[in-house]
Amino acid sequence: MQFTRTDRARALRQSAGFAEDRVWARLRGGKLDGHKFRRQHPIGPYYADFACDRLRLIIEIDGAVHLLDDVIARDRTRQAALEASGWTVLRFTNDQVLNNPEQLSEAVRRHVQALGL
């Protein structure tokens, strides 16, 4: 059985960790200044943890596995490809979003301000 991109995105949403769930509670339904984010949004061959099409903004939440050398290399390649297609990528660790969730909101607001919106 072959999975569609929608099936894959759904599976990723269902297996989200605690930190991602907390971020989603902060972003869903336009809670962050009315900006609509999607969760596990397919962009090219990748899936963004959270993406806002209007802002061309991706938010990535990195757990401990993202400290491994091979994962760091993959993340850099992936981020470069996404940025080359016009997206801005903001990365946060699980600890950052759990211990200081306002930091994420402030970073999104700075991005919006930089866009002049």
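The values are calculated or read from the model by the stated rules, or taken from the named source; none is laboratory data. Predicted, not measured: the structure shown is a model, and the values here were computed from it. In this analysis, Cβ positions are derived from the backbone assuming ideal geometry, glycine residues included, and neighbour counts consider all displayed protein chains.
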*In region 9-43, the residues that are modelled with pLDDT under 90 and small (Gly, Ala, Ser)*: Ala9, Ala11, Ser15, Ala16, Gly17, Ala19
*Residue by residue through region 77-93, note down the ones that are part of a helix (DSSP H, G or I) and of a type in the set (S, T, N, Q).*
Thr77, Gln79
*State which residue is farthest from Ile59 (Cα to Cα) when the search covers only region 94-117 and only residues that are without any contact (Cβ under 8 Å) to a residue 60 or more places away in the chain and outside any helix (DSSP H, G or I).*
Gly116
*Matching residues in region 20-61 - criterion: being over 24 Å from Thr77 (Cβ atoms), aliphatic (A, V, I, L, M) and outside any loop (DSSP other than H, G, I, E, B)*: Ala25, Leu27
*Checking Val65 against (1) surrounded by 16 or more Cβ atoms within 10 Å (Cβ to Cβ); (2) assigned to a helix (DSSP H, G or I); (3) modelled with pLDDT under 90, which test does it fail?*
(1)
*Determine which single condition Trp87 fails, assuming it passes every other condition in (1) touching a Lys or Arg at 6+ places or on another chain (Cβ under 9 Å); (2) modelled with pLDDT of 95 or more; (3) surrounded by fewer than 18 Cβ atoms within 10 Å (Cβ to Cβ).*
(3)
*Out of (1) part of a helix (DSSP H, G or I); (2) buried (at least 18 other Cβ atoms within 10 Å of the Cβ); (3) not polar (S, T, N, Q), the odd one out for Ala73 is which?*
(2)
